[in-house]
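Below is a structure I'd like to ask you about.
What follows draws every value from the coordinates through simple rules; no lab data is involved. Values in this document were obtained by computation on a predicted structure and should not be read as measured data. Heads up, the Cβs are rebuilt from the backbone with ideal geometry, glycines too, and the neighbour counts pull from every protein chain shown.
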Amino acid sequence: MKGRILTIRDISQDDERAWRTLAARAMEPNPFFEPDCLIPAALHQTFGAEIGLVVAEHEGRFLACIPVRHVRRWKFPYPILTSQVRRMGYLGTPLVDPEGGVDAMVTLLESMRGLRRAATARLLVIDGMSAEGPVSDLFRLAVEQLNLPCRVFESYDRGLLKRRDEPTYDNVHSSKTRYNLRRQRRLLEQDVRCDITVVDRADHPGAIRDYIEMEASGYKVRTGVAMTTVPGEPEYFSDMCERFASAGRLHILSLEADGQRLAMEIWIRAGEGMFLMKISFDEKFSRFGPGVLLQMSALQYFHWLTDAEWIDTCTSAGNALLLRLYPDRRRIESLFVVLGRSPVDRAVIKTFTAARPLHNRLYQLRHPDHVPVGAGHP
């Protein structure tokens, strides 16, 4: 088994096919590390030429991969190699073939240690990896085998929904909450003077553009979260969605009243699960909570019109709304790995980890309107 580091923007057709084959059989699905997500990111983002793909392969067959990007300043100035190669990462679990085992993970880490020896990166940041599952176990075994210092600097639970035998997903809420949701829906229907429905617009021309425009008309612009606030991101997002749509893996759910879109959310299918990537709503109707109404209706869509086993909300830490709406949990963690033997590198991650609570508090003070990724409307 050998390791290679590819430039995604210049990837060959053979390597792309091997990458797609790996994604299809990966131990844990992660659509955000697949070609249909990362190739558009490399083509359209302003720093796209910097995005690489570290692969472990044997005789042309990819057994594991993870995207990386060199940064000189991450949350502090230091040469960092990070797996967060897009502004919003959603999930950072590497793609690993069941037959690759710990050797594949060791090969990935060895390839990245080579960058340390070339003085281009001193620390590795694995951002937002699933903390429970076979890939996490393999990663920890590989780190231990290579004797690399590793430290978790962020860990949190995010909302997940597992399929039930019956679509009783609102039973986790109190009778008062269920009453209020029904009341909000009635008031919204009275306001728009017709029934509201949920439609999947993944096959409708212009649906992706409609979502981008809806997001750009509301609070996400003011908080700097909207895609239109970042050069190249709308183009990247559109390209990615079109690729997943052509593969039949995209859902664009729209809460509508006689063709008028009140809220929209976007799912990507991977393996047995759905990944809730985006949600936004028309702020003219914010008093009715259209984002929450769409979420609750979408759970029925999930149960009756898909065969997926779960929905991952893909949110960052602190999204209390989606923790209430989605009763199951997925543990997410971000880690530092020291790629060399320098005591300075170890001291850096120890100091940052200790100062992390203060860093978060200062960020909240500087950005009081910040909304966690994936948030709907409370």
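One-quarter of the Cα convex hull surface for region 1-72, in nm²?
Computed as one quarter of the Cα hull surface, the answer is 4.9 nm².
Follow-up question, since we're still on this one. For region 154-237, which trypsin sites (Lys or Arg not before Pro) are both in a DSSP coil and crowded by at most 14 other Cβ atoms within 10 Å?
ARG164, ARG193
Compute the orientation-averaged projected area for region 168-307 from the convex hull of its Cα atoms and round it to one decimal in nm².
9.0
If you don't mind, there's one more thing I want to ask. In whole Hz, with x marking every Gly and Pro, tabulate ³J(HN,Hα) for region 87-92 from phi via Karplus 6.51 cos²θ - 1.76 cosθ + 1.60, θ = phi - 60°.
Each residue of region 87-92 in turn: 4, 10, x, 6, 7, x Hz.
Calculate, axis by axis, the spread of Cα positions in the chain along the three principal axes, and write the results as whole Å, longest axis first.
So the extents along the principal axes, rounded to whole Å, are 66, 46, 41.
Related question: If the chain between ARG183 and ARG222 were fully stretched, how many nm would it gain, using 0.36 nm times the residue separation less the Cα-Cα distance?
Value of the extension gain: 11.1 nm.
Please give the net charge around THR7, taking every other residue with its beta carbon less than 15 angstrom from that of THR7, where Lys and Arg add +1 and Asp and Glu add -1.
Once all neighbours under 15 Å are counted, the net charge is -2.
Each residue of region 2-13 in order: what ³J(HN,Hα) in whole Hz does its phi give by Karplus 6.51 cos²θ - 1.76 cosθ + 1.60, θ = phi - 60°, with x for Gly and Pro?
Per residue, the Karplus-derived 3J(HN,Hα) values read 9, x, 9, 10, 9, 8, 4, 4, 10, 5, 7, 5 Hz.
Right, something else. Using Cα positions and a limit of under 15 Å, work out the aspartates and glutamates in reach of LYS162, with same-chain residues fewer than 8 apart set aside.
Cross-link targets: ASP170, GLU272, ASP307, GLU309, ASP312, ASP328.
Sticking with this one: Each label point is 7 Å from the Cα along the Cα-to-Cβ direction; what then is the distance between the points at GLU59 and LYS162, in nm?
Between GLU59 and LYS162, the simple spin-label model gives 3.9 nm.
Kindly flag which residue pairs out of LYS220/LYS350; LYS278/LYS350; LYS75/LYS220 have an alpha-carbon separation exceeding 29 Å in this structure.
With Cα atoms farther than 29 Å apart: LYS220/LYS350; LYS278/LYS350.
Quick one: which residues, 5+ away or cross-chain, put their amide H under 5 Å from the amide H of ALA263? H built at 1.01 Å from N.
Hits under the 5 Å cutoff: LEU255, ASP282.
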